[in-house]
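Encoded as structure tokens, the structure appears first; notes follow it.
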Amino acid sequence: MKIIITNQNNAERITRFFISLFLLPSPLIFGYETFPIIQSVVGGILLFNALSGMCTIYRLFGANTCAK
């Protein structure tokens, strides 16, 4: 059984990567408060999605944006 199954196309992965680059340093810029830390966590999740090509929510709903 494969754990990581690619279910995102390349354009979506690139978009998630660039969005994560803006969200990850939020606590360093805006201080260590609740909202910047949440933004950083979301950025980390998006970075994982971009690098692995797997979105867990897509997997739960059976969605796949890869070209077949």
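Laid out as a table, the results:
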quantity	calculated
Single residue of the stretch 26-44 satisfying the filter (in contact with a Pro (Cβ under 8 Å, 6 or more places away or on another chain) and among the aliphatic types (A, V, I, L, M)) that is surrounded by the fewest Cβ atoms within 10 Å (Cβ to Cβ)	Ile29
Failed item in (1) among the charged types (D, E, K, R); (2) in a helix (DSSP H, G or I); (3) without any contact (Cβ under 8 Å) to a residue 40 or more places away in the chain, with Lys2 passing the rest	(2)
Output for the stretch 7-39, where each listed residue is part of a loop (DSSP other than H, G, I, E, B) and over 14 Å from Thr65 (Cα atoms)	Leu24, Pro25, Gly31, Tyr32, Glu33
Qualifying positions in the stretch 45-68 - in a helix (DSSP H, G or I) and either surrounded by 13 or more Cβ atoms within 10 Å (Cβ to Cβ) or among the charged types (D, E, K, R) (or both)	Ile45, Leu46, Leu47, Phe48, Asn49, Ala50, Ser52, Tyr58, Arg59
Cβ-Cβ under 8 Å pairs, at least 6 apart or on other chains, the stretch 10-23 side in contact (Cβ under 8 Å) with a residue 24 or more places away in the chain and β-branched (Val, Ile, Thr), far side surrounded by 17 or more Cβ atoms within 10 Å (Cβ to Cβ) and part of a helix (DSSP H, G or I)	Ile14/Ala50; Ile19/Gly43; Ile19/Leu46
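Here, each number is a calculation from the coordinates, and none is a lab measurement. Being a predicted model, the structure only gives us computed values, none of them experimental. Note: ideal-geometry Cβ built from the backbone for every residue, glycine included; neighbour counts use all protein chains shown.
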